[in-house]
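Q: One structure follows; several queries about it will come next.
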């Protein structure tokens, strides 16, 4: 068993400096997330219909041209470009906005502070869950957001993430960097590995568990290790592509060959948790958390694994367990930026500002890059000001309360707008009075909704830190 432990390696190392750059010298480009443009198209279309209802045909036609020709054209030119050293945003609207704010729309790789990727279930079909990923890259008060949807996203992820320090990436971003591939290629590899189809595996969900059988040291140990690493990579690629049942089967086969590999158990647990969430299966979710605890036991001396485990516990809402694991990671190695950052986030949830300040101050000394160091210093300064300046704390509490009120107000305004749309449709079938009421309600509601969005964007930024006067 000791020899098995010694042979444990990772096919794609996730160490801070061991990931090879995937940038080939070609400039990568991807369109920005189109949500704001879709909102603009929706509003101009509504405005066009409203003008036509008021018999302002020219204004309605102009709104249609703007909504269906101008805005899509602006979307097509609005791209995020990565040349290997700098992220930049093209397009008329971003350029004009940067000129008005006198703020550059470029971000150097060395200035990236955080990369966060969210996974949204776009479609579920049987055991397959098709995800849409949205990535936000932040640094120097700039945010570049882009979403998955084709080869451009995969190329951008491979090129950009491999150039960044791992402490700037969250768990899902690291997984995308290491395992995101073309779905058809992944399915071909699954077929070559003779993995059963999703339909065959649907009835064996409850059988997915970690084998505890003991294996004898044999001459085939190296061959088994290579096969297990191949299955592990395939399993992660299938998971990111949304083929969760086949991914679980690949993990199961890999665990039969390497049942004591803590990283393998950790990745299996995250896959099982994703599948449990898609199926709303509490028993499988408990199994996933049990697998995380087993990975914690098997990898108790691996500080990097423990830090990643702590992030997973935090993501799943087990904050006390996350705190313990982050502390174990710090005990295993005296320097772990990811762990002290996680402890700071947990302390912030608990309202322990003094602990937050302490952990961020510690993170300053553990940061590997100037960008991470500057970010930790800014967080330390911000929470220190909150802790010492009551007036500043009141301003921030007021700002956050306003933000929460704006979120509630936006939802309410959209509900009223929907009621107005229904009244318009009913009025077309009955009488003009109901139609007039519908147009009034929907127009006022959408006007309020737009105003709340603008105010929310202004209040999203923290109040500037200004030295208090004597």
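Q: Regarding region 348-356, can at least one residue be identified that is surrounded by 18 or more Cβ atoms within 10 Å (Cβ to Cβ) and within 30 Å of residue 260 (Cβ to Cβ)?
A: The answer is no; no qualifying residue exists.
Q: Quick test of your reading of the structure: residue 407 fulfils all but one of (1) closer than 30 Å to residue 387 by Cα; (2) exposed (fewer than 14 other Cβ atoms within 10 Å of the Cβ); (3) modelled with pLDDT under 90. Name the failing condition by number.
A: (3)
Q: Report whether or not residue 140 is modelled with pLDDT of 85 or more and at positive phi.
A: yes
Q: If you don't mind, there's one more thing I want to ask. For region 427-451, which residues satisfy the criterion of being buried (at least 17 other Cβ atoms within 10 Å of the Cβ) and within 18 Å of residue 47 (Cα to Cα)?
A: Result: 435, 438, 439, 441, 442, 445, 446, 448, 449.
Q: Being under 18 Å from residue 178 (Cα atoms) and over 21 Å from the mean Cα position of the chain (by Cα) is the filter here, so list the residues in region 234-247 that pass it.
A: 234
Q: Which residue, of 199, 175, 229, is part of a helix (DSSP H, G or I), closer than 21 Å to residue 121 by Cβ and modelled with pLDDT of 85 or more?
A: Going through 199, 175, 229 in turn, the sole match is 175.
Q: Please pick out the residue among 47, 142 that is free of Cβ contacts under 8 Å to residues at least 40 places away in the same chain, in contact with a helix residue (DSSP H, G or I) (Cβ under 6 Å, 6 or more places away or on another chain) and surrounded by 14 or more Cβ atoms within 10 Å (Cβ to Cβ).
A: 47
Q: Are any residues in region 256-280 touching a residue at least 60 places away in the same chain (Cβ under 8 Å), farther than 17 Å from residue 242 by Cα and surrounded by fewer than 20 Cβ atoms within 10 Å (Cβ to Cβ), and if so, which ones?
A: Result: 260, single match.
Q: Restricting the search to region 297-314, which residues are surrounded by fewer than 16 Cβ atoms within 10 Å (Cβ to Cβ) and more than 22 Å from residue 261 (Cβ to Cβ)?
A: None; the set is empty.
The values are calculated or read from the model by the stated rules, or taken from the named source; none is laboratory data. Treat the numbers as computed from the prediction; the structure is a model and nothing was measured. Please note: Cβ atoms are built from the backbone with ideal geometry, for glycine as well, and neighbour counts cover all protein chains shown.
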